[in-house]
Amino acid sequence: MRSMYEDALSAYRRAGRIAAEVRRQASGLVRPGVLLAEVCEMLEGRIKSLGAQPAFPINVCVDEIAAHDTASVDDNREIPNGSLVKVDIGAHVEGYLVDTAVTISLNRELDHLKEVAEEALRKALRSVRPKVRAGEVGGVIESTIESYGLIPVKNLSGHQISRFTVHTGKSIPNVRTSLGPKLGLGEVYAVEPFVTTADAAGEIEGGSRAEIYRMIKERYLEDRDARELLSSISRDYKTLPFARRWLTRCLEKDRLNDVLNDLISSRCIAQFPVLVERTQKPVAQAEHTVLIRENGCEILTE
């Protein structure tokens, strides 16, 4: 009889294989003039066709936008020529999830940002092992990036992952810290260096838009539409992030916006604002999800 651990490991590995395949497809799909919505919907559909579910909405973040951007309802934005595009992908099998990202450079002058993010990730993963401090891994990321005359985004970090929870427990910074938690055997982490130019602030701030949400708690609400929508969110997504556009099957657009605002005011759901580099400089990202093993780590999304 298989143990619960074996079942979980099998699910993580399956989700990782699917996410890796979708990441490869993203690299061929992103090109100038393609609708951002087309990228999101095609990749989310691919996750499902391969036997998993999206762990969060596909993020497509252009240039200075570092994270949390996904297609809106009726989104007509196109991928710009000469841009730097991050595609962040999450897949889960029965709640066991992985998180991976790739940067696609459509501008030769920005290729080095993508390449340095990938190099920082490779070196960081070689340092990941049981009992290493998260800040030491951050130091590897920071020193690698700075050796190329660039800087890390210091207020974004990697994160521990658990079932149905993308961000939980410990964080892995992208800069060296003297303290910080030790990584534990059998734990799962997303490691994700973010790189920007030497003249940038190296910090992100929340933008004015939000298209991604997560449930905080379910409670009784007087409004029937709000009550039914919250029940649907709880059933379909549990604690995982979801997109506004995913909910248009439940309510028409204007009514949906009103109900979402009510759910936010009632503290039933929270929103994830788009995250933007403070000085509007381009940002690159590379990311893998790993399982901590006895002598290092297993890269689940490779």
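Here residue 85 fulfils each of the conditions (1) touching a helix residue (DSSP H, G or I) at 6+ places or on another chain (Cβ under 8 Å); (2) surrounded by 17 or more Cβ atoms within 10 Å (Cβ to Cβ); (3) not in a helix (DSSP H, G or I) apart from (1). Among all positions in region 128-150, there is no residue which is more than 27 Å from residue 5 (Cα to Cα) and under 14 Å from the mean Cα position of the chain (by Cα).
Matching residues to (1) among the hydrophobic types (A, V, I, L, M, F, W, C); (2) crowded, with 24+ Cβ neighbours inside 10 Å; (3) assigned to a helix (DSSP H, G or I); (4) outside the structural domain of residue 80 (by TED's automatic domain parsing):
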| residue | (1), (2), (3), (4) |
| --- | --- |
| 109 | no, no, yes, no |
| 113 | yes, yes, yes, no |
| 122 | no, no, yes, no |
| 144 | no, no, yes, no |
| 154 | no, no, no, no |
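If you go through region 164-205 and keep only what is surrounded by fewer than 15 Cβ atoms within 10 Å (Cβ to Cβ), in contact with a strand residue (DSSP E or B) (Cβ under 7 Å, 6 or more places away or on another chain) and either assigned by TED's automatic domain parsing to the domain that holds residue 228 or among the acidic types (Asp, Glu) (or both), you end up with just 205. Scanning region 54-82 for residues that are among the small types (Gly, Ala, Ser) and either crowded, with 24+ Cβ neighbours inside 10 Å or touching a strand residue (DSSP E or B) at 6+ places or on another chain (Cβ under 6 Å) (or both) yields 55, 66, 67, 71, 72. Within the option set 163, 235, 245, 214, being without any contact (Cβ under 8 Å) to a residue 24 or more places away in the chain and either in contact with a His (Cβ under 6 Å, 6 or more places away or on another chain) or not aliphatic (A, V, I, L, M) (or both) holds for one residue only, 235.
Taking the listed residues 45, 51, the one that is surrounded by fewer than 23 Cβ atoms within 10 Å (Cβ to Cβ), in a loop (DSSP other than H, G, I, E, B) and assigned by TED's automatic domain parsing to the domain that holds residue 149 is 51, with no other qualifying.
For (1) among the hydroxyl-bearing types (Ser, Thr, Tyr); (2) more than 30 Å from residue 109 (Cα to Cα), each residue gets a yes or a no:
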residue	(1), (2)
165	yes, yes
191	no, no
197	yes, no
250	no, yes
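Collect the residues in region 24-42 that are under 19 Å from residue 111 (Cα atoms) and either out of contact with any Leu (no Cβ under 9 Å at 6 or more places or on another chain) or outside the structural domain of residue 76 (by TED's automatic domain parsing) (or both), keeping them in residue-number order. 24, 27, 28, listed by residue number. In the set 140, 98, 102, only one residue is assigned by TED's automatic domain parsing to the domain that holds residue 53, surrounded by 18 or more Cβ atoms within 10 Å (Cβ to Cβ) and assigned to a helix (DSSP H, G or I); that residue is 140.
The values are calculated or read from the model by the stated rules, or taken from the named source; none is laboratory data. Quantities reported herein were computed from a predicted structural model and do not represent experimental measurements. Quick reminder, even Gly has a Cβ in these numbers, built from the backbone with ideal geometry, and neighbours come from all protein chains shown.
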